[in-house]
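The values are calculated or read from the model by the stated rules, or taken from the named source; none is laboratory data. On a predicted model such as this, the values are computed, not experimentally measured, just so you know. Here the Cβ is made from the backbone with ideal geometry for all residues, glycine too, and neighbour counts use every protein chain on show.
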Amino acid sequence: MELTNENVLGKIISEFGEENILEPYNPDGIMTITTNRETIHDLIKYLRDDKELQISFLTTMCGIHYPGQGDKEMCVMYQLHSLRHNYRIRIKVYRPASDPVLPTMTDLYATANWMEREAFDFYGFIFTGHPNLTRILNIEEMEYHPMLKQYPLEDQTREDKINTFFGR
Amino acid sequence: MATENKTAELTEIEQFRKDHGLSIKEERPLTTLNLGPTHPATHGIFQNILQMDGEVIVDAVPTIGYIHRAFEKIAERRPFYQITPLTDRMNYCSSPINNMGYHMTVEKLLGITVPKRAQYIRVIMMELARISDHLICNSILGVDSGAFTGFLYVMQEREHIYDIYEEVCGARLTTNMGRIGGMERDLSPKALHLIGEFLKRFPKVWAEFEKMLTRNRIFIDRTVGVGAISAERALSYGFTGPNLRATGVDYDVRVMNPYSSYDDFEFEIPVGSKGDTYDRYLVRNEEVWQSLKIIEQAYKNLPEGSYHADAPHYYLPPKQKVYTSMEALIYHFKIVMGEIDAPVGEVYHSVEGGNGELGFYLISDGGRTPYRLHFRRPCFIYYQSYTELIKGGQLADAILTLSSLNVIAGELDA
């Protein structure tokens with residue numbers, strides 16, 4: 001079966017219902033759908049195990065922060081790839097900042113382990129069921145999640161910090 | 001460094017010892033060995049705390065992030081032009097691939113079509129970068145297994161590749177090559193001459209290198225069956241590039257989703273079967289030959305035409321015009337100051353980097369900087385399998401496995 005955005009979307013909607021698969025759009029040829037926390041694990045499992053789809057390669061995953069968006073403040077993006085059909089799909093899950101908790105994908109994909117640790121490290125997402133949800137690139141003692149938009153980069157023109165060796 | 005003795009009390013470890021034919025009765029103490037962060041054999045800064053039973057590795061805990069420079073955060077404050085130098089510093093063994101991958105992502109967002117000549121020049125530079133990347137990886141693999149000669153032979157050729165970079169963009173290692181919309185300048189007669197010379201000279205050098213290692217008894221003994229991974233596990237771990245192809249999966253972005261006119265060229269995708277260190281070595285070796293083939297084709301059929309797209313809003317005007325015409329001066333100023341807004345959009349573009357699928361996920365909210373730029377770094381994704389690959393092997397094998405995975409610290413930590 002040739003996978004197209006229409007028939008994949010049709011299959012997903014008939015499996016999970018229209019109330020769980022929201023806002024399909026196509027920004028760059030890769031269909032992007034939004035789903036909720038309850039569905040995401042089953043959806044990724046279904047895409048992986050379905051004989052016709054075989055969307056069984058987790059290409060990448062990352063967090064995105066939209067400050068001041070209420071229930072849609074925190075976003076996790078999963079991008080999957082069917083190597084058999086050369087078909088890509090992107091799935092987003094939005095969470096409020098007060099409850100950034102999602103199920104882990106480590107039981108489906110070994111690679112999700114460090115990707116989820118990265119999303120935890122930089123955005124503070126909690127993945128329930130993750131075997132070792134600790135910081136990965138930043139130091140353990142860090143008290144905040146640095147990719148959140150409320151932490152700006154240091155102002156390059158500040159004058160109170162003088163470094164003898166590197167100028168400024 | 002710090003070594004401490006610990007008795008094997010974990011049942012998991014006992015189970016492991018049983019699985020690997022080790023005695024579980026005697027309470028032999030395990031040794032904790034700190035491999036890294038600055039160890040001459042790891043070729044980069046990463047730490048592994050190993051639990052050793054004699055020479056056999058029982059468990060490993062990797063620590064990464066020693067050269068994390070927050071590129072994704074910095075990219076949210078930089079205009080699109082100023083992000084290219086950040087990409088140089090990811091996989092610094094093949095920076096042109098990173099640069100051009102990023103440029104192609106932005107071009108996809110802006111909807112710019114690049115002329116054929118620029119695409120061919122890009123292909124030549126990207127394949128040269130792939131050769132220099134694979135050349136380092138395979139020759140270092142030789143060094144780690146005790147053969148220093150090959151490394152010195154081919155290192156000279158890397159210098160010649162860097163001479164070509166220097167002629168094309170002025171820099172050698174962190175190249176910042178090309179522009180959004182094409183190349184910054186055309187290939188000069190000297191650059192063409194250097195590429196031609198390289199194509200003549202390099203095959204002999206590489207054949208000699210292969211002759212030294214490929215059927216070398218010691219090398220085969222050291223690498224066959226070391227650090228092997230099955231295709232299923234490799235896919236689950238998100239392997240891409242030569243490391244995935246060594247397991248027998250023929251996934252290559254250049255063929256699957258051709259970019260920059262890769263579909264114009266004839267080349268083959270080498271695959272291995274066992275996914276061990278030796279197969280990874282063979283796949284990289286063969287890819288060097290295929291890259292040479294691609295460069296030859298692109299060099300011979302280099303089309304005439306412009307070396308950059310006609311996109312005055314995003315492509316820096318020539319300096320001569322900046323000094324003489326007002327429009328060019330305005331565009332120059334706006335581009336350099338980052339005052340040009342990109343359209344709203346969301347794109348993903350991936351290229352076949354030296355180590356696998358190098359992806360750029362870019363969200364633009366219509367401002368002068370990306371709203372979010374995520375790098376899919378192949379090293380970061382497959383390095384997590386390292387623990388699994390070295391368990392049950394010996395320490396010396398772990399070093400070879402690390403070299404053959406070609407983990408580049410800059411790309412791992414970004």
Completion exercise
Pairs returned, first residue in segment B:222-244 that is under 12 Å from B:GLY356 (Cα atoms), second residue that is polar (S, T, N, Q) and surrounded by 22 or more Cβ atoms within 10 Å (Cβ to Cβ), beta-carbon separation under 7 angstrom, 6 or more apart or interchain, are B:GLY238/A:THR111; B:GLY241/B:ASN355
Exercise for the section: Inspect segment B:313-332 for any residue being crowded, with 20+ Cβ neighbours inside 10 Å, touching a helix residue (DSSP H, G or I) at 6+ places or on another chain (Cβ under 7 Å) and of a type in the set (A, V, I, L, M, F, W, C) and give the result as yes or no. Expected result: no
Practice task
Scan segment B:108-118 and give yes if some residue there is within 17 Å of B:PHE360 (Cβ to Cβ), touching a strand residue (DSSP E or B) at 6+ places or on another chain (Cβ under 8 Å), in contact (Cβ under 8 Å) with a residue 40 or more places away in the chain and surrounded by fewer than 19 Cβ atoms within 10 Å (Cβ to Cβ), otherwise no.
Solution key: yes
Exercise for the section: Tally the residues that are over 30 Å from B:ILE121 (Cα atoms), of a type in the set (Gly, Ala, Ser) and within 14 Å of chain A (Cβ to nearest Cβ), restricting the search to segment B:211-260. Expected result: 6
Practice task
Please enumerate the residues belonging to segment B:52-100 that are away from chain A (no Cβ under 14 Å), farther than 28 Å from B:ILE399 by Cβ and not aromatic (Phe, Trp, Tyr).
Solution key: B:THR84, B:PRO85, B:THR87, B:PRO96, B:ASN99, B:MET100
Practice task
From B:VAL336, B:VAL344, B:VAL288, grab the single residue that is crowded, with 17+ Cβ neighbours inside 10 Å and either away from every other protein chain (no Cβ under 14 Å) or touching an Asp or Glu at 6+ places or on another chain (Cβ under 9 Å) (or both).
Solution key: B:VAL288
Practice task
Determine whether B:ARG376 is surrounded by 21 or more Cβ atoms within 10 Å (Cβ to Cβ), at the interface with chain A (Cβ under 9 Å from one of its Cβ atoms) and either in contact with a His (Cβ under 9 Å, 6 or more places away or on another chain) or among the aromatic types (Phe, Trp, Tyr) (or both).
Solution key: no
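Would you list the strands (runs of 3 or more DSSP E) that sit entirely within segment B:318-414 and hold 3 or more residues that are out of contact with any Lys or Arg (no Cβ under 9 Å at 6 or more places or on another chain) and in contact (Cβ under 8 Å) with a residue 60 or more places away in the chain? Write out each step before concluding.
Values: elements: B:344-352, B:357-365, B:372-376.
Answer list for segment B:318-414: B:372-376.
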Exercise for the section: Determine, yes or no, whether B:VAL351 is surrounded by 15 or more Cβ atoms within 10 Å (Cβ to Cβ) and among the hydrophobic types (A, V, I, L, M, F, W, C). Expected result: yes
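Could you tell me whether segment B:182-189 includes any residue that is crowded, with 16+ Cβ neighbours inside 10 Å, assigned to a strand (DSSP E or B) and within 22 Å of the chain's Cα centre (by Cα)?
The initial filter retains those residues of segment B:182-189 that are crowded, with 16+ Cβ neighbours inside 10 Å, namely B:182-187.
Checking the rest, the ones that are also assigned to a strand (DSSP E or B) come to B:182.
Restricting the remaining residues to those that are within 22 Å of the chain's Cα centre (by Cα) gives B:182.
Yes, that holds for at least one residue.
On the given criteria, is A:SER56 within 12 Å of chain B (Cβ to nearest Cβ), more than 11 Å from the chain's Cα centre (by Cα), modelled with pLDDT under 95 and surrounded by fewer than 23 Cβ atoms within 10 Å (Cβ to Cβ)?
Numbers: within 12 Å of chain B (Cβ to nearest Cβ): yes; more than 11 Å from the chain's Cα centre (by Cα): yes; modelled with pLDDT under 95: yes; surrounded by fewer than 23 Cβ atoms within 10 Å (Cβ to Cβ): yes.
So A:SER56 fits the description; yes.
Please go through segment B:208-225 and give me each residue that is assigned to a helix (DSSP H, G or I) and of a type in the set (Lys, Arg), ordered by number.
As a first pass, look at segment B:208-225 and keep what is assigned to a helix (DSSP H, G or I): B:208-213, B:217-223.
Within segment B:208-225, B:LYS211, B:ARG217, B:ARG222 qualify.
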Exercise for the section: For B:TYR323, indicate whether it is over 30 Å from B:GLY392 (Cα atoms) and in contact with a strand residue (DSSP E or B) (Cβ under 7 Å, 6 or more places away or on another chain). Expected result: no
Exercise for the section: Take segment B:40-55 and flag every residue that is among the charged types (D, E, K, R) and in a loop (DSSP other than H, G, I, E, B). Expected result: B:GLU55
Handout entry: Search result, residues across segment A:88-109 that are more than 13 Å from chain B (Cβ to nearest Cβ), surrounded by 20 or more Cβ atoms within 10 Å (Cβ to Cβ) and touching a Gly at 6+ places or on another chain (Cβ under 8 Å)
Key = A:PRO100
Practice task
Could you please find all residues in segment B:226-241 being surrounded by 14 or more Cβ atoms within 10 Å (Cβ to Cβ) and assigned to a loop (DSSP other than H, G, I, E, B)?
Solution key: B:VAL226, B:GLY227, B:ALA228, B:ILE229, B:TYR237, B:GLY238, B:PHE239, B:THR240
